[in-house]
């Protein structure tokens, strides 16, 4: 793994170096704690994307599925499996895009490494941001359901 990816990942470099060599890999944290894991890894756009998917599919199930709870649970399971299988890949894509954006700014090598460390890595606050995004979407969902 090159220095820029190492700077971005910051923690668990050996794990990501190993799983990024594979075409597919499984991430248990991403499967069981999807929004928290994505928040921990600062993947906020992905949290919003998957919440939008949940919101849209749940609204569809609410209106058309004979057993809404089962349909919603199946959706959650499918999305969880998808994130479990693709979480590491999504994280690598995020890292590569961050490296590209930082490289475009034309900083010197040490400033690039410092900026990538800042943009990447882990975030305990990100866990709460992920939870906050999830709660906002649940609030929106509840508000929409009340009007249907």
Residue check, residue 71 against (1) touching a helix residue (DSSP H, G or I) at 6+ places or on another chain (Cβ under 7 Å); (2) in contact (Cβ under 8 Å) with a residue 24 or more places away in the chain; (3) assigned to a helix (DSSP H, G or I), all met but one. Which one? (2)
I'm checking my understanding of the structure. Among residues of the range 71-81 that are over 17 Å from residue 24 (Cβ atoms) and buried (at least 16 other Cβ atoms within 10 Å of the Cβ), which one is nearest to the chain's Cα centre (by Cα)? 75
Residue set 35, 31; condition at pLDDT below 95, assigned to a helix (DSSP H, G or I) and either out of contact with any helix residue (DSSP H, G or I) (no Cβ under 9 Å at 6 or more places or on another chain) or within 24 Å of residue 124 (Cβ to Cβ) (or both); output residue 35
Please determine whether any residue of the range 110-130 is farther than 14 Å from residue 9 by Cβ, outside any helix (DSSP H, G or I) and at pLDDT below 95. no
Does residue 144 qualify as being surrounded by fewer than 18 Cβ atoms within 10 Å (Cβ to Cβ), within 19 Å of residue 57 (Cβ to Cβ) and modelled with pLDDT of 95 or more? no
Checking the condition surrounded by fewer than 22 Cβ atoms within 10 Å (Cβ to Cβ) and closer than 25 Å to residue 112 by Cβ, which residue from 41, 18 passes? 18
Give just the number: which of (1) surrounded by 13 or more Cβ atoms within 10 Å (Cβ to Cβ); (2) assigned to a helix (DSSP H, G or I); (3) modelled with pLDDT under 95 does residue 107 not satisfy? (2)
Output the number of residues of the range 55-67 satisfying the condition of being surrounded by fewer than 17 Cβ atoms within 10 Å (Cβ to Cβ) and either under 19 Å from residue 134 (Cβ atoms) or modelled with pLDDT of 95 or more (or both). 4
Boolean, residue 47 is on the phi < 0 side of the Ramachandran plot and either part of a loop (DSSP other than H, G, I, E, B) or at pLDDT below 95 (or both): no
Name the pairs whose Cβ atoms lie under 8 Å apart, with the first residue in the range 1-29 and under 12 Å from residue 86 (Cα atoms), the second part of a loop (DSSP other than H, G, I, E, B), and 6 or more positions between them or separate chains? 19/25; 19/27; 20/1
Condition set within 19 Å of residue 29 (Cβ to Cβ) and without any contact (Cβ under 8 Å) to a residue 12 or more places away in the chain, scope the range 87-131, selection nearest to the chain's Cα centre (by Cα): answer is 93
Which one of these does residue 42 not meet: (1) part of a helix (DSSP H, G or I); (2) under 29 Å from residue 22 (Cβ atoms); (3) in contact with a helix residue (DSSP H, G or I) (Cβ under 8 Å, 6 or more places away or on another chain); (4) modelled with pLDDT of 95 or more? (1)
Given (1) closer than 17 Å to residue 45 by Cβ; (2) within 13 Å of the chain's Cα centre (by Cα), index of the condition residue 84 fails: (1)
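The values are calculated or read from the model by the stated rules, or taken from the named source; none is laboratory data. Just so we're clear, the structure is a prediction, and the values are computed from it rather than from any experiment. Ideal geometry is used to build each Cβ from the backbone, glycine not excepted, and the neighbour counts take in all protein chains shown.
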